[in-house]
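*Asks:* Below you'll find the structure I mean.
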Amino acid sequence: MACVLAIETSCDETSVAVVKDRHCCSNVVTSQIPVHRQYGGVVPEVASRSHLETINQAIAQSLAEAQLDWGAIDGIAATCAPGLVGSLLVGLTAAKTLAIVHQKPFIGVHHLEGHIYATYLSEPELEPPFLCLLVSGGHTSLIYVKDCGHYETLGETRDDAAGEAFDKVARLLKLSYPGGPVIDRLAKEGNPKAFPLPEGKVSRPNGGYHPYDSSFSGLKTAVLRLVQKLGQDESELPVPDIAASFQDTVARALTKRAIACARDYGLNTIAVGGGVAANSGLRKHLHEAAVEHNLRVLFPPLMYCTDNAAMIGCAAADHLNLGHISPLTLGVQSRLPL
Ligand code: KG4
Ligand code: ZN
């Protein structure tokens, strides 16, 4: 068994966790959302400064909540890619420093591998292979999970990520950041069939459509055109109906791709991760489709869906158990395929 202290600072959450294999002992998450809300999105320089201000306190708190000292820690991990470079650097440098000071192995973790491992925290008995639908502010991926460190990305977005689409549509409806939770709430009061919107299919060069890739920028533009058409007076816009129609279109598009992918590859479990996994429309459509196709869908608790260090620690513990450790020369990367 490996006990890992892990740090996640790839975007706007400063998080430190202590994880024993698939068991989370502590998971401290300090969100910067209130800081970034006034700008309508994440400001990279503000994010890295904010990580610097909170990281030491988060490390101390995480160890204290786990009721452990450094002697119990077998390895120190941090997200190394992808993400905001300045933000990643804060967490990675802190982890390397702790590894040197306490003479522990250091493990750099790919952020998306962390999201995949989030499901194990609430489903420790789960074993690969399974399909991971990862839907966050930065990613919309369908990943075939074969084993620790062995992943195949079968589908991606060609433009905006699902969460990014929620945030952009919320902005054009003059709703606050982050847009996903606000649209989700308003959609409950609206009619999802009020406005038919395009699902955003990705064409293949030799004809037909890519079955697993998605595209959300056309949908966003369609909402913009709809708002322009309807909105002589902003106060009269049917915002709940627009929110419900948009959410339903995204949820259907994601569900269709995930189910097709799982069936084509003979995978009977779909694990969903990322902030958009909180979406009630996606949950409803995916659950219904899973029942229809006799598949199992796992939605981890929200605290493990949004960015957190417990998922990074869980991935790192598996790597450590397999003897995979990273050199202290490992750097950060803003983009890195899984
Ligand atoms: O995974 P996450 O916390 O951070 C990234 O790695 O991006 O995801 C944040 C994204 C935001 O775009 C936010 O609008 C979206 O997740 N989100 C939601 C909901 N809650 C958060 N989108 C749709 N419905 C929700 N309930
Ligand atoms: Zn993430």
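*Asks:* I need every pair where a residue in the range 81-99 that is not assigned by TED's automatic domain parsing to the domain that holds residue 44 and part of a helix (DSSP H, G or I) has its Cβ under 7 Å from the Cβ of a residue that is of a type in the set (Val, Ile, Thr) and modelled with pLDDT under 95, sequence separation at least 6 or different chains.
*Replies:* Between residues of the range 81-99 that are not assigned by TED's automatic domain parsing to the domain that holds residue 44 and part of a helix (DSSP H, G or I) and residues that are of a type in the set (Val, Ile, Thr) and modelled with pLDDT under 95, there is no close pair.
*Asks:* Evaluate the range 49-68: report whether one residue or more is within 16 Å of ligand 1 (Cβ to nearest atom), under 30 Å from residue 281 (Cα atoms) and touching a strand residue (DSSP E or B) at 6+ places or on another chain (Cβ under 7 Å).
*Replies:* no
*Asks:* Can you tell me which residue within the range 23-43, out of those that are over 18 Å from the mean Cα position of the chain (by Cα) and surrounded by fewer than 19 Cβ atoms within 10 Å (Cβ to Cβ), is nearest to residue 75 (Cα to Cα)?
*Replies:* Selected residue: 23.
*Asks:* Now a separate question. Within the bounds of the range 305-326, is there any residue that is within 16 Å of ligand 1 (Cβ to nearest atom), touching a residue at least 40 places away in the same chain (Cβ under 8 Å), surrounded by fewer than 19 Cβ atoms within 10 Å (Cβ to Cβ) and of a type in the set (A, V, I, L, M, F, W, C)?
*Replies:* No, the range 305-326 contains no residue that is within 16 Å of ligand 1 (Cβ to nearest atom), touching a residue at least 40 places away in the same chain (Cβ under 8 Å), surrounded by fewer than 19 Cβ atoms within 10 Å (Cβ to Cβ) and of a type in the set (A, V, I, L, M, F, W, C).
*Asks:* In the list 75, 83, 108, which residue meets the criterion of being within 15 Å of ligand 2 (Cβ to nearest atom) and crowded, with 22+ Cβ neighbours inside 10 Å?
*Replies:* Result of the check over 75, 83, 108: 83.
*Asks:* In addition: For residue 224, which of the numbered conditions (1) in contact with a helix residue (DSSP H, G or I) (Cβ under 9 Å, 6 or more places away or on another chain); (2) buried (at least 16 other Cβ atoms within 10 Å of the Cβ) fails to hold?
*Replies:* (2)
*Asks:* Restricting the first residue to the range 52-65 and requiring it to be closer than 9 Å to residue 16 by Cα and in contact (Cβ under 8 Å) with a residue 60 or more places away in the chain, which pairs with a second residue that is part of a helix (DSSP H, G or I) and of a type in the set (A, V, I, L, M, F, W, C) meet a Cβ separation below 8 Å and a spacing of at least six or different chains?
*Replies:* Listed by first residue and then by second, the contacts come to 62/309.
*Asks:* Right, next: When you check residue 246 against the structure, is it over 17 Å from residue 138 (Cα atoms), among the aromatic types (Phe, Trp, Tyr), within 11 Å of ligand 1 (Cβ to nearest atom) and outside the structural domain of residue 33 (by TED's automatic domain parsing), yes or no?
*Replies:* The answer is yes for residue 246.
*Asks:* Now, a different point. Please work out which residue is nearest to residue 259 (Cα to Cα), limiting yourself to the range 134-153 and to residues that are more than 10 Å from ligand 1 (Cβ to nearest atom) and buried (at least 22 other Cβ atoms within 10 Å of the Cβ).
*Replies:* The selected residue is 142.
*Asks:* Which of the residues that make up the range 113-137 are away from ligand 2 (no atom under 13 Å from the Cβ) and within 10 Å of the chain's Cα centre (by Cα)?
*Replies:* Hit for the range 113-137 is 133, nothing else.
*Asks:* Please pick out the residue among 15, 26 that is part of a strand (DSSP E or B), closer than 16 Å to residue 314 by Cα and within 16 Å of ligand 1 (Cβ to nearest atom).
*Replies:* 15
*Asks:* Just to be sure, is residue 336 out of contact with any Cys (no Cβ under 6 Å at 6 or more places or on another chain) and either in the same structural domain as residue 89 (by TED's automatic domain parsing) or under 30 Å from residue 97 (Cβ atoms) (or both)?
*Replies:* Against the criterion (out of contact with any Cys (no Cβ under 6 Å at 6 or more places or on another chain) and either in the same structural domain as residue 89 (by TED's automatic domain parsing) or under 30 Å from residue 97 (Cβ atoms) (or both)), residue 336 qualifies.
*Asks:* Next up: Give just the number: which of (1) modelled with pLDDT of 95 or more; (2) farther than 27 Å from residue 321 by Cα does residue 61 not satisfy?
*Replies:* Of everything listed in (1) modelled with pLDDT of 95 or more; (2) farther than 27 Å from residue 321 by Cα, residue 61 misses just condition (2).
*Asks:* Ok, one more. Pairs needed: first member in the range 109-121, more than 8 Å from residue 304 (Cα to Cα) and hydroxyl-bearing (Ser, Thr, Tyr); second member anywhere, away from ligand 1 (no atom under 13 Å from the Cβ) and not in a helix (DSSP H, G or I); C-beta distance under 8 Å; at least 6 residues apart or different chains.
*Replies:* 120/22; 120/126
The values are calculated or read from the model by the stated rules, or taken from the named source; none is laboratory data. Source: prediction; values computed, not measured. Here the Cβ is made from the backbone with ideal geometry for all residues, glycine too, and neighbour counts use every protein chain on show.
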